[in-house]
Amino acid sequence: MTGKPDVTGFFDKRTYSIQYVVSDPATRKCAVIDPVLDFDEKSGSTATRNADAILDYIRKQDLEVEWILDTHPHADHFSAARYLKQKTGAPTAIGKKVTEVQQLWKAIYNRPDFPADGSQWDRLFAEGQTFSVGSIPAKVLFSPGHTLASITYVIGDAAFIHDTLFMPDSGTARADFPGGSAARLWRSIQEILALPDETRLFTGHDYQPNGRGPLWESTVAEQKATNIHVAKCRTEAEYVAIREARDKTLPMPKLILHALQVNMNGGLLPEPEANGKRYLKFPLDALDGAAWE
Ligand SMILES: N[C@@H](CCC(=O)N[C@@H](CS)C(=O)NCC(=O)O)C(=O)O
Ligand SMILES: [Fe+2]
């Protein structure tokens, strides 16, 4: 048994997202984390370029997909979990609290019949739940704050922390989406920073501060020493003040209203109407107080 998975990141330039293939060299089993389904909001076109590149890599590396995992219901892109399930037959999973996010958003979209029960995924992970990727032990930590349902996957010596900490020069994720909380994000970050210093941390976005090339891997020790939002904060109150002030200046992600209706449905696009076309639904004046571009 090895506790050190191979980790390959796939950077999506359109959304600054990092998608991961995490594999066990001993058994060639792998998990895919946070795959992106491409979407162009200007033309309404969808595509599977990112997901197909991941499938291509998996084929070339002779890997077998054991899990398709999401860290949280994303607000800036569609999840390709359903597409990858259809292609590989592997089970999809997300954190159990996704049902609370579904409750919130079914009200925002006024969809009283939407089943907010998590039945759109094969597995809903509870806090502390264990599973494995091949022979590598994996564990789920609840990491709410950015969203209510956010989780961290600790797989061997690697933690997939998505939108909690970004790279040290980029700080931390925002906490102002419906159900978000800066104080809870601070506590989730402290839990991640309590992992062993050498733990490899893989983030979910890299917004490339100062135009540098994309980066996504750090360690607990590096984050503790140099993360621009965390290293200088002594207390939760200090962090919350910095986070909330910054969040007030951030416009909503350009795809938040597109993405949540798809992602609360496990990445399944709306069913086509009688003419064979799919349609999205947009609430107006539903996200009060958001900064304008
Ligand atoms: N400009 C991006 C913003 C995306 C965004 O808000 N990303 C979230 C993660 S889903 C975040 O935490 N951003 C932190 C920041 O922009 O400082 C978009 O429109 O998609
Ligand atoms: Fe996010």
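Each value in this text was obtained by applying a stated rule to the coordinates, not by laboratory testing. As the structure is a computational prediction, the values presented were derived from the model and not from experiment. Here the Cβ is made from the backbone with ideal geometry for all residues, glycine too, and neighbour counts use every protein chain on show.
Table for the structure above
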read-out	value
Sequence-distant residues sharing a close amide H with G204 (under 5 Å, placed H)	H162, D163, T164
Histogram of C-alpha separations across the chain, 10 Å bin width, %	6, 29, 38, 21, 5, 0
Computed lengthening from R246 to A231, 0.36 nm per intervening residue step minus Cα-Cα distance	3.7 nm
In order through the stretch 81-89: 3J(HN,Hα) via Karplus (6.51 cos²θ - 1.76 cosθ + 1.60), integer Hz, x for Gly, Pro	4, 5, 4, 5, 5, 4, 7, 10, x
Amide proton proximity set for F131, modelled H, under 5 Å, gap of 5+	A138, K139
Full-stretch length increase - K42, D285 - with 0.36 nm per residue and alpha-carbon distance subtracted	85.4 nm
Ranked packing of 63-71, 127-135, most packed first, by mean Cβ within 10 Å	63-71, 127-135
Proximal lysine pairs, the stretch 17-128, alpha carbons under 17 Å, eight or more residues apart or interchain	6
Percent breakdown of C-alpha pair distances by 5 Å bin, ordered from the shortest bin, for the stretch 184-260	3, 12, 18, 23, 22, 16, 6, 1
Antiparallel %, DSSP beta bridges [both residues in the chain], to 5	70 percent
A274-Q190 pseudo-label distance in nm [points 7 Å out on the Cα-to-Cβ vector]	5.8 nm
